[in-house]
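The values are calculated or read from the model by the stated rules, or taken from the named source; none is laboratory data. Treat the numbers as computed from the prediction; the structure is a model and nothing was measured. Note that each Cβ is placed from the backbone with ideal geometry, even for glycine, and that neighbours are counted across all protein chains shown.
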Amino acid sequence: MTELESRFNFKEIDEKWGKYWESDGVFRAKVNPDKKSFTIVIPPPNVTGILHMGHALNNTLQDILIRYKRMTGFETLWMPGTDHAGIATQNVVEKQLAKEGKTRQDIGREQFTELLWSWKNKYGDTIIHQLKKLGSSCDWDRTRFTMDDEYSLAVKEVFIRLYHKGLIYRGEYIINWCPRCHTALSDEEAEHKDTAGKLYHIKYPIKGETGFVVVATTRPETMLGDTAVAVNPEDQRYASLRGKILMLPLVNREIPIIEDAFVDPAFGTGAVKVTPAHDPNDFHMGRRHNLRFINILYPDGKINRNGGQFHNMDRFVARKAVVEELDKLGLLVKIDEHSHAVGHCYRCNTVVEPYLSKQWFVKMAPLAQPAVKAVEEGRIKFYPDRWTKVYMNWMENIRDWCISRQIWWGHRIPVWYCQNCPEDKNMIVTSDAPAVCPHCGSKDLKQDEDVLDTWFSSWLWPFATLNWPKASKDLKYFYPGSALFTASEIIFFWVARMIMAGIEFMGDIPFSEVYIHGTVRDALGRKMSKSLGNAIDPLEIINEYGADALRFSLIINSGQDLYISKEKFEIGRNFANKIWNASRLILMNAKTIDPQFDLSKADLDLASQWIVSRMFTTVKRVGDCIDNYRYSEAESLINEFFWSQFCDWYLEIIKDQWDNPVIQNTALKILENSLKIIHPFMPFVTQELWAHIHPEQKDLGLQNWPKVQERLIQTEIENKMALIIELVTSIRNTRAEWNVKPAQKLDCVFVSDKPTIKSSLKETENAVVKRLAGLKSIEIRDDFPAQKNMASGVIADIKFYLSLEGAIDMEAEKRRILSQIEEQTRLMDGLNKRLSNEAFISKAKPEVVANDRQRLVELGEKIKKLKQIIADLE
RNA sequence: GGGCGCAUAGCUCAGUUGGUUAGAGCGCAGCGUUCACAUCGCUGAGGUCGAAGGUUCGAGCCCUUCUGUGCCCACCA
């Protein structure tokens with residue numbers, strides 16, 4: 001065994017093991033009929049992404065579970081990969097192009113796509129490299145990309161299957177249009193944000209009369225596309241207007257007054273302008289009433305020729321201009337402040353427009369139904385449970401999914417149009433480009449220009465990564481997966497859709513447990529973001545504190561959103577350091593190592609039995625915690641065991657017993673098992689130490705989780721030790737109160753008339769208590785009165801006296817004891833009161849009552865002893 | 001407009017079927033270093049568990065209302 005450096009040099013060690021894990025395929029997953037499989041698919045980060053704290057948290061959680069499962073005997077697959085992130089990636093490359101003063105249209109589709117690929121090949125794996133720095137134990141050989149050739153086959157296959165099933169259709173509908181990205185978005189991709197806007201009240205003159213109808217709108221420029229005004233049929237105020245025609249100002253179009261129950265008489269004026277091409281509600285009204293659909297916008301958000309004098313103005317410029325013009329004409333009644341939710345593009349934050357266009361949609365209701373059932377029946381569980389409701393609510397109100405995007409980066413829609421055939425019969429839906437039209441034989445075919453929504457490929461991730469639709473042993477063995485880890489924002493985009501796709505195409509759910517973790521925020525509770533400049537870079541933390549510190553600190557409070565500042569990572573750094581140094585101590589002293597050493601057969605002293613008992617208790621509870629996604633609790637248990645018990649007590653106790661081989665072997669055994677249970681949380685430091693101890697069996701992550709030996713979990717031993725700890729602590733406390741210097745050793749007398757206590761004291765007298773409490777001598781007596789110049793205390797059935805010679809003020813010492821009596825009496829009074837309550841005795845659980853009675857006796861004893869001390873001193 | 005969280009020590013948070021004297025880390029105070037670790041050790045101070053009601057022998061935990069705060073969903077123009 002080589003000696004350890006005096007400091008934990010995480011930089012070197014992180015790099016060493018990071019490289020090793022990556023290159024040696026340690027975490028390669030293979031079909032193994034002798035083991036159960038345990039699969040996690042990574043939420044594929046965008047190729048544009050760089051590692052942020054959210055990723056760090058997400059991947060640490062996955063790594064903890066996968067490493068734990070690997071050590072507990074599962075064949076684990078953690079499938080890594082990246083997502084092509086259509087709009088986001090295209091935006092990045094377009095921006096780059098813009099620096100050269102070019103647009104994608106300038107260079108054309110083919111060249112632009114090439115540019116995207118070369119960008120992806122150059123930068124797309126950045127985040128994968130960063131994930132490796134975290135210690136993520138993925139099977140890196142399997143790394144997939146949502147636009148790999150094989151993956152693309154799956155995407156096409158799914159489109160074609162759904163099309164033939166009648167679940168994919170094409171049609172002209174109102175969708176969310178991002179004028180900056182020039183594409184349609186799904187409903188989920190339009191983020192509604194509360195915005196302080198204005199409600200404009202405008203007069204529409206009645207044709208041939210002098211009167212007006214006043215309508216209210218938040219988007220006055222859309223009036224250019226109005227083709228009706230609607231009122232509620234029940235609304236008496238407008239009854240006289242039935243059948244009349246209005247003159248739409250500015251464009252002088254004649255538009256009818258229609259009646260529709262949708263209109264809420266209580267809102268605004270009770271009269272609604274109807275713009276069927278630019279509002280979802282108006283769209284439906286337009287259909288119901290056979291209105292004209294007039295599109296007034298170019299795809300870039302400028303007013304088109306239908307806008308007359310406003311042609312070529314940006315929509316927001318036009319808004320102002322329209323209002324000014326109306327005001328000039330005396331048609332503007334008033335402008336109210338009005339707060340409402342406005343949709344924004346989730347990729348570029350531009351205000352989206354409801355826009356009429358021809359798009360592809362997936363009919364979702366039939367897919368949703370079995371996915372709802374799977375959760376209802378508990379085959380899929382959410383952690384924490386409250387997300388179940390969120391999922392259900394969305395699924396039960398699911399709307400059709402707009403899947404076509406007017407961008408160039410993505411899976412091209414596998415549809416060709418015959419230029420010869422009539423419009424409703426010209427569609428050829430097929431995986432590969434057809435040579436001729438199957439209907440007319442024409443070679444004049446054109447592929448659909450659009451690509452598919454990125455999520456239309458991501459929703460296949462759990463099986464497309466295993467090369468579906470090809471059948472394989474891998475697919476059969478590793479699907480369905482076990483757990484999925486993600487943030488709540490992704491439930492609709494991805495989790496729900498994966499469940500639907502899994503059931504539809506694999507006939508089985510893709511995973512059985514979904515763990516929703518919190519959002520990482522800064523110390524003020526703000527979401528970390530580049531633009532706010534409040535982001536803490538995980539790589540910087542890895543560099544300054546180490547990957548283990550990053551992981552451990554992120555997990556320590558992971559129940560909900562976590563607020564972090566840089567100092568927080570000291571928690572993990574300090575713990576890693578503690579592990580390192582405790583190991584150093586043990587490895588320096590454990591020289592007589594017996595490979596056959598067996599804790600259950602060795603003859604152990606009290607302290608050793610105690611730490612063994614504590615260890616197995618901890619192993620058991622940590623395993624339970626991980627199985628139940630209670631990672632922060634697992635870390636607390638580990639911290640408590642390793643630091644507060646193993647280091648602070650056991651290693652201190654055995655400090656003068658290193659010449660005893662049993663002690664050496666015990667300490668080493670405890671260390672080894674500790675390294676194992678800490679490993680999922682802090683893989684680097686534990687791996688490094690393990691390799692020092694066992695150079696021959698290098699990979700700690702491939703070792704077995706410690707087997708709990710129930711027989712060695714002993715409550716009596718733990719109680720005995722607890723008494724000694726209490727005794728030592730109490731003596732230390734008394735010393736501190738009297739300002740006794742640590743170097744000064746005291747004579748001590750223990751007094752107890754209980755033989756059991758006395759025997760337990762004897763066992764530990766010479767070594768433990770004496771050294772840890774800083775005593776010169778210990779005398780055990782059946783009886784001994786309190787003395788002047790001695791400080792006293794009572795622990796359980798034991799009175800102790802510390803000889804302080806002249807350094808003690810007896811009046812102050814009496815006051816100290818009296819205040820203890822007071823405190824104990826207060827507790828006893830409370831207990832007495834409860835125990836004299838009839839209702840408590842008869843209704844409380846018997847063990848609770850018994851426990852209280854026992855405590856009452858103990859308190860009485862203690863008070864008696866304290867009083868005796870006072871009496872002695874009088 | 002609906003729904004879901006959160007509120008416990010100066011700070012960040014635990015507290016799993018209601019049951020001893022509500023815990024941890026950081027911070028703070030005192031003491032301590034030729035000892036594996038000052039990224040450390042020992043000792044300590046610090047909380048009427050957001051408010052008010054209620055259920056119960058017993059409430060930080062269950063119920064109701066309120067206040068503050070955060071998030072999600074939603075086609076009132």
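Select, from A:Val769, A:Val685, A:Val708, the only residue that is farther than 24 Å from A:Lys591 by Cα, β-branched (Val, Ile, Thr) and modelled with pLDDT of 90 or more. Please lay out each step first, then the result.
Details: A:Val769 fails: modelled with pLDDT of 90 or more; A:Val685 fails: farther than 24 Å from A:Lys591 by Cα.
Of A:Val769, A:Val685, A:Val708, the one residue that is farther than 24 Å from A:Lys591 by Cα, β-branched (Val, Ile, Thr) and modelled with pLDDT of 90 or more is A:Val708.
Of the numbered criteria (1) away from RNA strand B (no atom under 13 Å from the Cβ); (2) under 50 Å from the mean Cα position of the chain (by Cα), the one A:Ser803 fails is (2). Somewhere in segment A:52-61, is a residue over 28 Å from A:Ser458 (Cα atoms) and among the small types (Gly, Ala, Ser)? No: zero hits. Those strands (runs of 3 or more DSSP E) of segment A:444-534 in which 1 or more residues are without any contact (Cβ under 8 Å) to a residue 12 or more places away in the chain are absent. Residues in segment A:4-28 that are buried (at least 22 other Cβ atoms within 10 Å of the Cβ) and assigned to a loop (DSSP other than H, G, I, E, B) were compared, and the one that is modelled with the highest pLDDT is A:Phe27.
From the list A:Glu172, A:Glu150, A:Glu191, the one residue that fits, being outside any strand (DSSP E or B), surrounded by fewer than 19 Cβ atoms within 10 Å (Cβ to Cβ) and not aliphatic (A, V, I, L, M), is A:Glu150.
Among the residues of segment A:250-297, just one is aromatic (Phe, Trp, Tyr), under 20 Å from A:Gly171 (Cβ atoms) and within 44 Å of the chain's Cα centre (by Cα), namely A:Phe283.
Tell me, please, whether a residue that is in a helix (DSSP H, G or I), without any contact (Cβ under 8 Å) to a residue 60 or more places away in the chain, within 19 Å of A:Met615 (Cβ to Cβ) and not charged (D, E, K, R) can be found in segment A:700-711.
Let us first name the residues in segment A:700-711 that are in a helix (DSSP H, G or I), namely A:700-702, A:710-711.
Checking the rest, the ones that are also without any contact (Cβ under 8 Å) to a residue 60 or more places away in the chain come to A:700.
With the extra rule that they be within 19 Å of A:Met615 (Cβ to Cβ), the set shrinks to A:700.
This time we only want the ones that are not charged (D, E, K, R), so: A:700.
Scanning segment A:700-711, I find at least one residue that is in a helix (DSSP H, G or I), without any contact (Cβ under 8 Å) to a residue 60 or more places away in the chain, within 19 Å of A:Met615 (Cβ to Cβ) and not charged (D, E, K, R), so the answer is yes.
All conditions in (1) within 14 Å of RNA strand B (Cβ to nearest atom); (2) surrounded by fewer than 16 Cβ atoms within 10 Å (Cβ to Cβ); (3) not in a helix (DSSP H, G or I) hold for A:Glu652, with the sole exception of (3). In the set (1) near RNA strand B (Cβ under 9 Å from one of its atoms); (2) not in a strand (DSSP E or B), A:Ala216 fails one condition alone, (2). Of all the residues in segment A:307-349, those that are surrounded by 15 or more Cβ atoms within 10 Å (Cβ to Cβ), in a loop (DSSP other than H, G, I, E, B) and touching a residue at least 40 places away in the same chain (Cβ under 8 Å) number 3. The residue that is modelled with the lowest pLDDT, among those in segment A:576-612 that are over 18 Å from A:Glu652 (Cβ atoms) and either under 42 Å from the mean Cα position of the chain (by Cα) or near RNA strand B (Cβ under 8 Å from one of its atoms) (or both), is A:Pro595.
Does at least one position in segment A:277-293 carry a residue that is within 13 Å of RNA strand B (Cβ to nearest atom), over 23 Å from A:Lys198 (Cβ atoms) and not in a helix (DSSP H, G or I)? There is no residue in segment A:277-293 that is within 13 Å of RNA strand B (Cβ to nearest atom), over 23 Å from A:Lys198 (Cβ atoms) and not in a helix (DSSP H, G or I). Collect the residues in segment A:393-449 that are under 44 Å from the mean Cα position of the chain (by Cα) and among the β-branched types (Val, Ile, Thr), keeping them in residue-number order. Result: A:Ile398, A:Ile403, A:Ile407, A:Ile413, A:Val415, A:Ile428, A:Val429, A:Thr430.
Determine, yes or no, whether A:Ile564 is in contact (Cβ under 8 Å) with a residue 40 or more places away in the chain, of a type in the set (Val, Ile, Thr), within 8 Å of RNA strand B (Cβ to nearest atom) and crowded, with 18+ Cβ neighbours inside 10 Å.
Working: in contact (Cβ under 8 Å) with a residue 40 or more places away in the chain: yes; of a type in the set (Val, Ile, Thr): yes; within 8 Å of RNA strand B (Cβ to nearest atom): yes; crowded, with 18+ Cβ neighbours inside 10 Å: yes.
It is true that A:Ile564 is in contact (Cβ under 8 Å) with a residue 40 or more places away in the chain, of a type in the set (Val, Ile, Thr), within 8 Å of RNA strand B (Cβ to nearest atom) and crowded, with 18+ Cβ neighbours inside 10 Å.
Of all residues in segment A:236-267, those satisfying the criterion of being out of contact with any helix residue (DSSP H, G or I) (no Cβ under 7 Å at 6 or more places or on another chain), surrounded by fewer than 19 Cβ atoms within 10 Å (Cβ to Cβ) and in a loop (DSSP other than H, G, I, E, B) are A:Arg242, A:Gly243, A:Lys244, A:Asn252, A:Ala261, A:Asp264, A:Pro265, A:Ala266, A:Phe267. Filtering segment A:655-683 to residues that are within 10 Å of RNA strand B (Cβ to nearest atom) and not basic (Lys, Arg) leaves A:Asp656, A:Trp658.
Within the span defined as segment A:711-726, every residue fails to be touching a strand residue (DSSP E or B) at 6+ places or on another chain (Cβ under 6 Å), of a type in the set (A, V, I, L, M) and under 24 Å from A:Arg816 (Cα atoms).
Please find, among A:Ile778, A:Ile731, the residue that is within 13 Å of RNA strand B (Cβ to nearest atom), touching a residue at least 12 places away in the same chain (Cβ under 8 Å) and either surrounded by fewer than 21 Cβ atoms within 10 Å (Cβ to Cβ) or part of a helix (DSSP H, G or I) (or both).
Working: A:Ile778 fails: within 13 Å of RNA strand B (Cβ to nearest atom).
That would be A:Ile731, the only listed residue that is within 13 Å of RNA strand B (Cβ to nearest atom), touching a residue at least 12 places away in the same chain (Cβ under 8 Å) and either surrounded by fewer than 21 Cβ atoms within 10 Å (Cβ to Cβ) or part of a helix (DSSP H, G or I) (or both).
Among the residues of segment A:625-645, at least one is under 20 Å from A:Leu772 (Cα atoms), away from RNA strand B (no atom under 11 Å from the Cβ) and at pLDDT 95 or above. Considering (1) in a helix (DSSP H, G or I); (2) within 22 Å of A:Thr729 (Cβ to Cβ); (3) at pLDDT 90 or above, the lone condition that A:Tyr801 does not fulfil carries the number (1). Just one of the listed residues (A:Leu77, A:Leu97, A:Leu131) is aliphatic (A, V, I, L, M) and more than 24 Å from the chain's Cα centre (by Cα), and it is A:Leu97.
Here is a list: A:Ile107, A:Ile87. Which entry is among the hydrophobic types (A, V, I, L, M, F, W, C), at pLDDT 90 or above and in contact with a Lys or Arg (Cβ under 7 Å, 6 or more places away or on another chain)?
Numbers: A:Ile107 fails: in contact with a Lys or Arg (Cβ under 7 Å, 6 or more places away or on another chain).
It is A:Ile87.
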